[in-house]
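Down below is the structure, laid out as structure tokens.
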Amino acid sequence: MAYQRRSFLKLMGVGGAFTLLPVGLARAATTPNPEDRAVYISASAGDDGDYYVSAFNASGKILFEQPLPGRGHDIGLRPDHVDVAAVERRPGLYGLILDRHTGDVRAKLHCPEDRRFYGHAIYSNDGRYLYITENDFDHARGVVSVWDAEDGYRRVAEFDSFGTGPHELHLMPDGEHLVIANGGLHTHPDRDGRTPLNISSMQPNLSIIDRRTGKLVHQAALKHDWHKLSIRHLDVSANGTIAAGFQYQGDLTNQVPLVGIWQPGSDIRPIEAPDTVQYRMRQYCGSVRFDASGQVFGISCPRGGLVTFWDAQTNDFLTHIAAPDGCGLAATDRAGEFVGTSGLGNGWRMDAIRRKRVELPDDSLKSQHWDNHLRRIIA
Amino acid sequence: MFCKPSWRTLLLSTTTVLAVGVISPGARADIPDENYQPVLAHLLGTVMPPKLDDFHAATENLTSEFKDFCSDPDKSGLEGTQAAFHAAMDIWQEIQPWRMGPLVANGRDQHIEYWPDKHGTAARQFRKLMFDKPAAYTDPEKLSGASAALQGFPALEEVLFADDHGDQMIAANEDGVFLCQYGTAIATNLGTLSGELQAEWPEFATAMENAGPDSMDYPTAKFAATDLYRALHEGLLIISSQKLARPLGDGEEDASAGRAESPISERSLRNIEHNLIGLFAIYDGTWGDVDEEGKGLAALIDNSLLDRSFKLNWQTVGDTVAELPPSVAEVLEQPDGYAALTDLKGQIDFLTTLVENDVGGNTQLGGGFNALDGD
């Protein structure tokens, strides 16, 4: 591990020595910059089955809590606009468009009767279209719905996701393609909408479609022996590298990779942490996020209470930081630095390069159970 | 003979009665973090090290027995070596569920025992090995770099118990000589692995015992203790989902003792019996000579009635396993054998729910908003 971290520092051009770090990187190890005006936004829950979209500042002070009709999941951010999209987690029926500054509801989305939202949404770069992953449950088929933000969020199209159980999706750097994590799990609302019905035959994949036509451009799957690795979450770096986190549906003792790197056009490259960390990942990854530099990505493992960090250039494991019940993960504007949140109410600033974790100072954050995903907004 | 229809009634009745007096975890105040520290210190610092010493001694003894047997092979020597195998395996099966730190480092648990072997890798590689008889596999150091399937207990089981391997070793024919040398190398390698485990444990235990906000591995004692709770919980899940569900198959006609653990040495259920001893130590803090009752996770449960009930339930399951023959094959040959194994699985599953609800709830180690219900 030490070797890998030294290699990474070398890669970063900092000679492997802390004191030689450039100013920008050295500052990353300090406590939150009081000038940091970033706002973090996430689905959350109270103690009594009450659910919210909540925002907090860089110190962890809660700025607003907007009640939701049911448990949320991820938040889609409309570029250069106040809108954010909160879509109910699977099997979801509602989507709310909120004002990112106040939490006020600006529009409501209703899922068609024969579809269910799957918790993730992403906007096009021009902010006009919102794309949401959905389950066409009667046909065990994933779809991506398209909503026109400039036409009152009217549902204007629906594309095949080219897999079952689509979950997180992202725009590719060209802004014209969507990459979709098709988790492979078929669920049906008549069977609670969450229980997997096809584990023995599940076929997860990563698919890239044209966001205007829905045409499949690239697709990759893991080898058949690993077909129970549900590919659920992903992030895309500026150079088009896709990092993905898996959730294993097989035995606890099976030795399987939980992280993959994909360069479209090639195979998914599975990567693993050292055994003692891999084991503590507990066969389950939550959020995936690249840092501001695109050279590091973090993957949270809430069942193991860890956040793992990886070198995006070499695909090596870098380090891990304990984060009890931690799952939400957002990159700050500093290389190698992330903010993480937990279901226990914690918020941390985590430095992957120096392996450091600092609790956000404001205690108001602790009034909520922070849900799976976290987004950073520049205020 | 095997069916104990009363267990369900017994387990359910004790739990139901107790439920009246158990305060729901949600209504409890948080257990102070310092309360978890003595549990960590006891389990990791007092309970486990002597067992690792025992395991290392058992593997060293196994090596010694193997060498003695092979120097002048006879039936008595074979039986002595087989007994040494069982003694080492008994201790390993108690340690095995403590899946953490040095046990899993560098794939060590798989090198000690490669199982489950879904694709029959060990048998296939063993056949090829006996055909080629490569000298490298008689060198413990080189063997340690070979396939995990060929360097631990399952491979040794093939050597000592499969087919006519014992007779061949006694006859000291070409196959027998290779088997003796290969078996000695496996035993020596197990001694090395158990020695590494013994040596690495203290540093790992200290890191967990010194949990605190500055630790990037264990920021609180409670978080460290969660790994012990998980070992208890997952240990039961593994017994049910792998050690019993695999041989049970999809139904009585699909049942196969060959899919159980250690089928050749006919000790699949003996393994479970010893698993339960090691797992109970996590709860109670009592393990063999380390007899300090109530210093495990039980120390965090402020309800003596619930504690007694849990122990009674555990004892009931332990008694059930102990009354069964050690071999799954032998059980399945009985008219009601399949039902007996199914019944045992049901008991383990019920014990698992008690761990989740009573132990996990009352120790406050079983929760997690994201950990339990993510997406």
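The values are calculated or read from the model by the stated rules, or taken from the named source; none is laboratory data. Predicted, not measured: the structure shown is a model, and the values here were computed from it. Methodologically, a virtual Cβ is constructed for each residue, glycine included, from the backbone with ideal geometry; neighbour enumeration extends over all protein chains shown. Please note that ligands, DNA and RNA were not included when accessible areas were found on the heavy atoms of the full protein model with its side chains. Shrake-Rupley method; radii C 1.70, N 1.55, O 1.52, S 1.80 Å.
Of note:
- Exactly one residue out of B:Ser76, B:Ser64 is of a type in the set (Gly, Ala, Ser), at pLDDT 95 or above and open to solvent by 60 Å² or more (accessible area, probe 1.4 Å), and it is B:Ser76.
- Selection within the range A:245-271 - more than 19 Å from the chain's Cα centre (by Cα) and within 14 Å of another protein chain (Cβ to nearest Cβ): A:Gln249, A:Gly250, A:Asp251, A:Leu252, A:Thr253, A:Asn254, A:Gln255, A:Val256
- Residues of the range A:54-98 that are farther than 22 Å from A:Asp148 by Cβ and within 14 Å of chain B (Cβ to nearest Cβ): A:Ser54, A:Gly70, A:Arg71, A:Gly72, A:His73, A:Arg89, A:Arg90, A:Pro91.
- Candidates are the residues of the range B:98-131 that are away from chain A (no Cβ under 11 Å) and under 14 Å from the mean Cα position of the chain (by Cα); the one that is farthest from A:Gln283 (Cα to Cα) is B:Ile112.
- A single entry from B:Ala371, B:Ala340 fulfils the requirement of being surrounded by 18 or more Cβ atoms within 10 Å (Cβ to Cβ), within 14 Å of another protein chain (Cβ to nearest Cβ), in contact with a Cys (Cβ under 9 Å, 6 or more places away or on another chain) and in a helix (DSSP H, G or I): B:Ala371.
- Some residue of the range B:298-308 being under 27 Å from B:Val328 (Cβ atoms) and outside any helix (DSSP H, G or I): no
- Test: residue in the range B:109-117 that is hydroxyl-bearing (Ser, Thr, Tyr), more than 30 Å from B:Arg230 (Cα to Cα) and outside the structural domain of B:Gly258 (by TED's automatic domain parsing): no
- Lone qualifier among A:Val179, A:Val156, A:Val236 - being without any contact (Cβ under 8 Å) to a residue 40 or more places away in the chain and of a type in the set (A, V, I, L, M): A:Val156
- When residues of the range A:58-107 are limited to those that are assigned to a strand (DSSP E or B) and open to solvent by 40 Å² or more (accessible area, probe 1.4 Å), the one nearest to A:Thr164 (Cα to Cα): A:Leu77
- One residue alone among B:Ala205, B:Ala172, B:Ala221 is open to solvent by less than 50 Å² (accessible area, probe 1.4 Å) and not assigned by TED's automatic domain parsing to the domain that holds B:Ala257, and that residue is B:Ala205.
- Scope the range A:152-188; condition among the acidic types (Asp, Glu) and either touching a helix residue (DSSP H, G or I) at 6+ places or on another chain (Cβ under 6 Å) or open to solvent by 30 Å² or more (accessible area, probe 1.4 Å) (or both); matching residues: A:Glu158, A:Asp160, A:Asp174, A:Glu176
- Looking across the range B:224-270, the residues that are among the polar types (S, T, N, Q), open to solvent by less than 30 Å² (accessible area, probe 1.4 Å) and within 14 Å of chain A (Cβ to nearest Cβ) come down to B:Thr226, B:Ser240, B:Gln242.
- Residue count, the range B:324-355 (criterion: in contact with a Gly (Cβ under 6 Å, 6 or more places away or on another chain) and among the hydroxyl-bearing types (Ser, Thr, Tyr)): 0
- Selection status of A:Leu216, open to solvent by 20 Å² or more (accessible area, probe 1.4 Å), aliphatic (A, V, I, L, M), at the interface with another protein chain (Cβ under 10 Å from one of its Cβ atoms) and in contact (Cβ under 8 Å) with a residue 12 or more places away in the chain: no
- The residue pairs whose first member lies in the range B:209-220 and is at the interface with another protein chain (Cβ under 9 Å from one of its Cβ atoms), whose second member is open to solvent by 30 Å² or more (accessible area, probe 1.4 Å) and small (Gly, Ala, Ser), and whose beta carbons are closer than 9 Å, counting only pairs six or more residues apart or on different chains, are B:Ser215/B:Ala207; B:Asp217/B:Ala207; B:Tyr218/B:Ala207.
- Count of the range B:296-342 residues, restricted to those that are aliphatic (A, V, I, L, M) and over 24 Å from B:Met48 (Cα atoms), is 10.
- Condition met for B:Arg308 (of a type in the set (Lys, Arg) and free of Cβ contacts under 8 Å to residues at least 24 places away in the same chain): yes
- Failed item in (1) within 29 Å of A:Arg141 (Cβ to Cβ); (2) part of a strand (DSSP E or B); (3) away from chain B (no Cβ under 12 Å), with A:Gly240 passing the rest: (2)
- Applying the set (1) within 22 Å of the chain's Cα centre (by Cα); (2) surrounded by fewer than 17 Cβ atoms within 10 Å (Cβ to Cβ) to B:Gln151 leaves exactly one unmet item: (2).
- With a requirement of 3 or more residues that are open to solvent by 10 Å² or more (accessible area, probe 1.4 Å) and either aliphatic (A, V, I, L, M) or in contact (Cβ under 8 Å) with a residue 12 or more places away in the chain (or both), the strands (runs of 3 or more DSSP E) lying completely within the range A:272-373 that satisfy it span A:356-359.
- Hey, B:Lys295 under 30 Å from B:Pro32 (Cα atoms), part of a loop (DSSP other than H, G, I, E, B) and over 18 Å from the mean Cα position of the chain (by Cα) or not: yes
- Scanning the range A:137-151 for residues that are in a strand (DSSP E or B) and open to solvent by less than 20 Å² (accessible area, probe 1.4 Å) yields A:Gly142, A:Val143, A:Val144, A:Ser145, A:Val146, A:Trp147, A:Asp148.
- Per the listing A:Asp114, A:Asp126, the residue uniquely open to solvent by 40 Å² or more (accessible area, probe 1.4 Å), part of a loop (DSSP other than H, G, I, E, B), touching a Phe, Trp or Tyr at 6+ places or on another chain (Cβ under 9 Å) and among the charged types (D, E, K, R) is A:Asp114.
- Which numbered condition B:Ala199 fails, given (1) among the hydrophobic types (A, V, I, L, M, F, W, C); (2) farther than 24 Å from A:Cys301 by Cβ; (3) open to solvent by less than 30 Å² (accessible area, probe 1.4 Å): (3)
- Looking across B:Glu141, B:Glu174, B:Glu158, one residue alone is touching a residue at least 60 places away in the same chain (Cβ under 8 Å) and over 30 Å from A:Gly304 (Cβ atoms). It is B:Glu158.
Residue-wise test of (1) in contact with a helix residue (DSSP H, G or I) (Cβ under 7 Å, 6 or more places away or on another chain); (2) of a type outside the set (Lys, Arg); (3) over 29 Å from A:Arg194 (Cβ atoms).
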site	(1), (2), (3)
A:His224	no, yes, no
A:Leu234	no, yes, no
A:Asn239	no, yes, yes
A:Gln247	no, yes, no
A:Thr253	yes, yes, no
A:Val256	yes, yes, no
A:Ser266	no, yes, yes
